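S.K.: Have a look at this one before I ask anything.
The values are calculated or read from the model by the stated rules, or taken from the named source; none is laboratory data. Only a predicted model underlies this, so the values are computations on that prediction, with no experimental measurement involved. Using ideal geometry, Cβ is built from the backbone for each residue, glycine included, and neighbour counts are taken over all protein chains shown.
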Amino acid sequence: MFSSIGMKNNNQISFTSELSLQFGIDYNHYWNNPQYVSSHGLATNFHSDFTLLSSDELSLYAGLRHAPFSFLTYDAGLRISSYDHKKKIFFALDPRININFPINKSQNILLHYGIYHQYFHKAGMTDGGLPTDYFFLVDKNYKPEYAHSISIAYNTAFPNNNYSFIAELYFKQLYNVVESQSNILELMMGEFNYMSGIITGKGRNYGINLLLHKNKGIVRGYLSYSLGWTMRNFPDIAPGYTIPAKYDRRHNLVAVSSVQINRRWRIGGMFTLASGNPYAKPKYAYILNGKIICEYGPYNGATLPLYHRLDISADYLAMDNHIGELGINLSLYNVYCHDNVQFIIPSNDFTMKPVSIINTILPSLSIYFNF
Amino acid sequence: MFLLLFTGCEPKEDIAEPELVVEGWITSGGHPLVMLHKSISFNESFESVASLIEDKLVPFGKVTIDDGTQKVILTGRLDTNYIPPYRYSSVEIIGEEGKTYSLTAEYENIILTATTTIPPRAYFDSIQIEQKGENTDAMEMRAFISDAANSPKYYVLFYRALGTIQYYNTFLGVFDNSGAKEGILSIPIYYSVASGTIGQDKPVLFFKKGMDLEFMLTRVDKASYDFWKTFSAISVSSGSAFLPIHGKIISNVSGGKGYWCGYGSSSYIVKLRNDTTLIFDNDNTKTD
């Protein structure tokens with residue numbers, strides 16, 4: 001369990017049309033019970049103690065927006081944060097700057113640099129097929145994760161803003177990245193300690209994002225393509241930035257379109273084509289004591305098959321007046337029932353078994369009312 | 001030219017180089033028993049699992065045991081009591097407590113070596129047997145071992161159905177004496193939850209009422225303990241999509257996979273009928 005409650009005060013002072021200052025204070029209180037284990041039917045009926053941890057984060061921030069020249073505007077800011085968990089206090093300074101170079105009315109180049117701190121960690125049993133990710137708070141043993149982020153983007157709109165195009169190159173260097181190597185066997189027997197298998201390391205995310213947007217007309221939508229690397233360096237597993245992160249998706253192509261047929265009817269569709277996620281591929285097996293033992297290749301060293309999926313939807317606007325908007329939406333997920341492989345496991349007959357969770361069409365019907 | 005290009009682009013499946021795998025032990029008062037096979041690549045094609053296992057047998061290996069005073073070459077023969085069904089043994093060597101045994105296995109330019117020692121025998125004082133409830137045939141078992149815990153001792157508990165030959169490790173049956181209280185070590189006896197056990201479709205934690213069993217309690221050296229401890233954890237998770245696979249088996253074998261273990265062992269026949277406590281006179285314990 002992870003939850004938070006917070007307060008934010010934001011103020012803005014405009015000195016001139018070219019110069020404004022934004023400042024404020026942000027407070028968050030976090031509650032976290034990282035692991036509540038409950039098991040039935042094994043050696044014991046086991047329920048772990050419910051231990052609620054809490055922490056506080058207080059931030060002061062200020063940002064200056066300035067357009068000194070027609071060819072340059074910038075937005076510079078600083079966030080000062082403090083974090084307290086059981087009297088262990090961390091401080092951080094997170095500067096950031098965005099510099100915008102307008103080339104003309106329809107084109108600009110944007111540079112960005114920033115440091116970002118995060119006061120909770122997300123860890124997961126990386127090889128488990130189940131969604132075993134969990135959150136835990138920064139404490140004296142596990143320092144805040146932080147990242148240096150740098151990017152350059154080019155924006156253009158043409159003609160008459162009917163279309164827009166964005167290309168972005170980015171690089172992020174991450175520190176204090178965590179991952180779990182816990183043994184679920186311990187969990188099953190009630191001896192699981194979520195902290196016991198945590199390993200720490202660094203990360204590098206880099207790549208390019210391309211986005212073509214159609215903003216006007218009966219047919220609207222966008223086409224996006226991302227080529228990205230999310231590499232991790234866990235010295236306990238392998239030296240260097242050689243390990244793809246669990247959610248590394250090298251290529252990702254998304255096409256989204258909607259057609260406004262008339263005032264009441266709109267249809268849409270989304271097609272996704274992406275690289276499979278990385279996993280540790282079984283290499284070979286052998287038999288000991290009547291049991292099949294698998295030996296695996298490099299950690300996250302192989303990728304699952306290509307992922308692709310088509311979703312379609314239809315919207316009917318039943319009512320649109322001064323009271324509000326009432327509509328019905330019918331969506332079909334995975335229209336052509338593709339078996340997208342979630343993981344590949346070795347089976348007892350010495351073959352590789354691809355496992356797909358949703359290999360059928362999933363319809364959904366919703367009624368919405370906006371007022 | 002085009003044909004060459006297309007041939008060049010055809011994806012190649014990696015077939016892992018086969019590893020030589022040894023499974024071997026020597027008990028106090030028993031003869032050495034060794035099995036050899038080659039690892040199985042997941043990309044190999046085969047007609048049936050039985051034919052695949054048969055194909056991986058190593059019937060022409062050379063297995064030598066050195067007990068410090070003599071070197072004996074073991075002889076091999078088919079034995080369907082084991083998987084894989086081929087074993088090497090010799091009546092010329094009988095396991096003795098405190099003695100060290102070195103194994104060398106040679107096959108197709110691969111040489112495996114391993115060394116083990118047989119520690120003093122381990123004994124059960126008693127085993128408590130209790131039916132888990134009226135509506136179940138699951139039998140809960142707990143064993144007690146006298147252990148002053150004045151020095152580290154390592155144990156592995158095996159079981160087999162009475163009348164069968166191959167022993168299997170019990171679930172969580174690999175333990176040391178760090179948990180001993182007032183000179184008594186108390187351990188639960190579980191069946192198996194391993195998903196990858198050949199011939200066992202689903203995991204079962206408790207032995208069942210009506211079963212006739214034979215338990216072999218063994219004392220092992222630290223290297224053997226490390227092997228069985230990691231093996232039992234990996235064998236539960238191996239092959240399951242839902243369990244992590246980070247761990248590696250700590251093997252005492254150089255040049256290949258597997259284990260070569262000396263067991264200071266005692267065997268006990270247990271027939272699961274009613275709630276009872278079996279108290280053992282260890283002078284008359286059935287030994288293997």
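S.K.: Among B:Ile189, B:Ile234, B:Ile245, which is among the aliphatic types (A, V, I, L, M), modelled with pLDDT of 90 or more and crowded, with 22+ Cβ neighbours inside 10 Å?
M.R.: Details: B:Ile234 fails: modelled with pLDDT of 90 or more; B:Ile245 fails: modelled with pLDDT of 90 or more.
Answer to the check: B:Ile189.
S.K.: In the stretch A:303-336, what residues are on the phi > 0 side of the Ramachandran plot and either assigned to a strand (DSSP E or B) or surrounded by 14 or more Cβ atoms within 10 Å (Cβ to Cβ) (or both)? Break it down stepwise before answering.
M.R.: Restricting attention to the stretch A:303-336, the residues satisfying the condition of being on the phi > 0 side of the Ramachandran plot are A:324, A:334.
Matches in the stretch A:303-336: A:Asn334 only.
S.K.: What tally of residues in the stretch B:49-64 results from selecting those that are away from chain A (no Cβ under 14 Å) and over 16 Å from B:Tyr107 (Cβ atoms)? Steps first, answer last, please.
M.R.: Step one: filter the stretch B:49-64 for residues away from chain A (no Cβ under 14 Å), giving B:59-64.
Now drop any that are not over 16 Å from B:Tyr107 (Cβ atoms), which leaves none.
Residues in the stretch B:49-64 being away from chain A (no Cβ under 14 Å) and over 16 Å from B:Tyr107 (Cβ atoms): 0 in total.
S.K.: Still on this structure, please answer the following. Inspect all residues belonging to the stretch B:25-40 and state whether any of them is surrounded by fewer than 15 Cβ atoms within 10 Å (Cβ to Cβ) and either among the β-branched types (Val, Ile, Thr) or under 18 Å from the mean Cα position of the chain (by Cα) (or both).
M.R.: Looking for residues that are surrounded by fewer than 15 Cβ atoms within 10 Å (Cβ to Cβ) and either among the β-branched types (Val, Ile, Thr) or under 18 Å from the mean Cα position of the chain (by Cα) (or both), one finds none in the stretch B:25-40, hence no.
S.K.: Looking only at the stretch B:145-162, count how many residues are surrounded by fewer than 18 Cβ atoms within 10 Å (Cβ to Cβ), closer than 23 Å to B:Thr277 by Cα and either in contact (Cβ under 8 Å) with a residue 40 or more places away in the chain or touching a His at 6+ places or on another chain (Cβ under 8 Å) (or both). Step through it out loud before you land on a result.
M.R.: Initially, the stretch B:145-162 is screened for residues surrounded by fewer than 18 Cβ atoms within 10 Å (Cβ to Cβ), giving B:146, B:148-152, B:160-162.
In the following step, the residues that additionally are closer than 23 Å to B:Thr277 by Cα were identified as B:146, B:148, B:160-162.
Then drop every residue that is not either in contact (Cβ under 8 Å) with a residue 40 or more places away in the chain or touching a His at 6+ places or on another chain (Cβ under 8 Å) (or both), which leaves B:160-162.
Adding up the residues that qualify gives 3.
S.K.: Has the stretch B:116-132 got any residue that is at pLDDT below 90 and over 18 Å from the mean Cα position of the chain (by Cα)?
M.R.: Going residue by residue through the stretch B:116-132, those that are at pLDDT below 90 are B:132.
Still in the list and also over 18 Å from the mean Cα position of the chain (by Cα): B:132.
Scanning the stretch B:116-132, I find at least one residue that is at pLDDT below 90 and over 18 Å from the mean Cα position of the chain (by Cα), so the answer is yes.
S.K.: Do any residues in the stretch A:162-181 that are on the phi > 0 side of the Ramachandran plot have Cβ atoms under 6 Å from those of residues that are assigned to a strand (DSSP E or B) and not polar (S, T, N, Q), where the two are at least six apart or on different chains, and which pairs are they?
M.R.: Qualifying pairs under 6 Å: A:Asn176/A:Glu145.
S.K.: Moving on. Of these, A:Asn252, A:Asn329, which one is under 21 Å from the mean Cα position of the chain (by Cα) and more than 14 Å from chain B (Cβ to nearest Cβ)?
M.R.: The unique qualifying residue is A:Asn252.
S.K.: Filter the stretch A:227-241 for residues that are in contact (Cβ under 8 Å) with a residue 12 or more places away in the chain and assigned to a loop (DSSP other than H, G, I, E, B) and give the result.
M.R.: A:Phe234, A:Pro235, A:Asp236, A:Ile237, A:Ala238, A:Tyr241
S.K.: Could you grab me the full set of residues in the stretch B:97-111 that are hydroxyl-bearing (Ser, Thr, Tyr) and under 19 Å from B:Gly61 (Cα atoms)?
M.R.: Scanning the stretch B:97-111 gives B:Tyr101, B:Ser102, B:Thr104, B:Tyr107.
S.K.: Would you check if there is a residue in the stretch B:92-108 being within 13 Å of chain A (Cβ to nearest Cβ), modelled with pLDDT under 95 and exposed (fewer than 13 other Cβ atoms within 10 Å of the Cβ)?
M.R.: no
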